[in-house]
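S.K.: First the structure, which I've put down as structure tokens, then a few questions once you've had a look.
The values are calculated or read from the model by the stated rules, or taken from the named source; none is laboratory data. What you see is a predicted model; the values in this text were computed from it and never measured. Every residue, glycine as well, gets a Cβ built from its backbone with ideal geometry; the counts of neighbours run over all protein chains shown. Areas reflect the complete protein model, heavy atoms only, side chains present, ligands, DNA and RNA absent. Shrake-Rupley method; radii C 1.70, N 1.55, O 1.52, S 1.80 Å.
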Amino acid sequence: MNNNVMFKISYGLYILTAEDGDKANGCVINTLQQVTTVPNRISITVNKENFTHDMIAATGKFNISILSERACFDTFKHFGFQSGRDIDKFDGYPHETATNGIPYIMDGANSFLSGEVISLTDLGTHTMFIADVTDGEILSDDNSLTYDYYHKHIKETPQQNKKGWVCKICGYVYEGDELPPDFVCPLCKHGAADFERL
Ligand code: FE
């Protein structure tokens, strides 16, 4: 089998946000689908290593900001390259609060929607949440972002003088001489095999 087949699948990119108690957090996902129209339901699949995962599992509620082609690499760095276990990603970060009381981001997003979980499926590394869409608004007319567009126009190309390893999937750069064999990309969760030396 040619595993590159998997790179031909088209995905959007989204900032998934949740709140548990007084702590809010968000992460980047590419795994959102509408699964039924009546009722209006979506599925999202979230890596269990994400702090946001545990918040959704606990509260059953989340928001999705649908990213547009105007999204900046900084948004991916902010929500994808660091963990909400270490920092408060909403401390000073521009956001609005949806009717479900959970924040969502507007920068680089063309719309947002709110989800309420009706079922979850354990997929090992990930959990798939099926959710009713309970709210949503359009924020701009900009085109929705695809993973392909992100790779071609938004992902930062690594600087030549930087030493380290770059994730071939998402562009995350690990700075250091040797990449630990069990290293997992903090953005896309791919393993060391998908990194190459700069
Ligand atoms: Fe990656």
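S.K.: Identify the residues of the range 84-119 with backbone N under 17 Å of a label point that sits 7 angstrom from the Cα of Ser140 along the Cα-to-Cβ direction, or state none.
M.R.: Within reach of a label on Ser140, which here means backbone N under 17 Å from a point 7 Å along Cα→Cβ, the range 84-119 contributes 94-96, 104-113.
S.K.: Considering only protein heavy atoms, what per residue accessible area in square angstrom results for the range 1-58 with a 1.4 angstrom probe?
M.R.: Details: 3100 Å² over 58 residues.
Ligands and nucleic acids excluded, the figure is 53 Å² per residue.
S.K.: Given the whole protein assembly as supplied and a 1.4 Å probe, what does the accessible area of Thr134 come to in Å², nearest 10?
M.R.: 80 Å²
S.K.: Using Cα pairs under 8 angstrom and six or more residues apart, how large is the relative contact order of the range 1-148, in percent?
M.R.: Numbers: 318 pairs, mean separation 43.7, N = 148.
Relative contact order comes out at 30 percent.
S.K.: Where the centroid of each part is defined by its Cα atoms, how far is the range 1-74 from the range 134-189 in Å?
M.R.: 15 Å
S.K.: Could you order Met55, Met1, Met128 so the one with the most accessible surface comes first? Probe is 1.4 Å. Walk me through the numbers before you get to the answer.
M.R.: Working: Met55 5, Met1 180, Met128 60 Å².
The residues order as Met1, Met128, Met55, largest area first.
S.K.: Moving on. Taking the alpha-carbon distance from Lys163 and a cut-off under 12 Å, which aspartates and glutamates remain once sequence neighbours fewer than 8 residues away in the same chain are dropped?
M.R.: Cα-Cα hits under 12 Å: Glu175, Asp177, Glu178, Glu196.
S.K.: With the contact rule set at Cα under 8 Å and sequence spacing of 6 or more, what percent relative contact order holds for the range 82-185?
M.R.: Working: 105 pairs, mean separation 15.8, N = 104.
It rounds to 15 percent for the range 82-185.
S.K.: A further question follows. For the range 78-181, with every protein chain kept in place, what is the accessible area per residue (1.4 Å probe, Å²)?
M.R.: Values: 5860 Å² over 104 residues.
Result: 56 Å² per residue.
S.K.: Based on a Kirkwood Rh over C-alpha pairs, give the Stokes-Einstein translational diffusion coefficient of the chain at 25 °C and viscosity 0.890 mPa s in µm²/s.
M.R.: Working: Rh = 17.5 Å.
It comes out at roughly 141 µm²/s.
S.K.: Measure off, as a whole percent, the carbon and sulfur share of the 1.4 Å-probe accessible area of the range 104-156, all protein chains present.
M.R.: Details: 1360 of 2830 Å².
The value for the range 104-156 is 48 percent carbon and sulfur by accessible area.
S.K.: Filter the cross-link list Lys8/Lys61; Lys48/Lys152; Lys8/Lys77; Lys61/Lys89; Lys48/Lys89; Lys77/Lys168 down to pairs whose alpha-carbon distance in this structure exceeds 20 Å.
M.R.: On the way: Lys8/Lys61 31 Å; Lys48/Lys152 28 Å; Lys8/Lys77 24 Å; Lys61/Lys89 18 Å; Lys48/Lys89 18 Å; Lys77/Lys168 16 Å.
Flagged as over cut-off: Lys8/Lys61; Lys48/Lys152; Lys8/Lys77.
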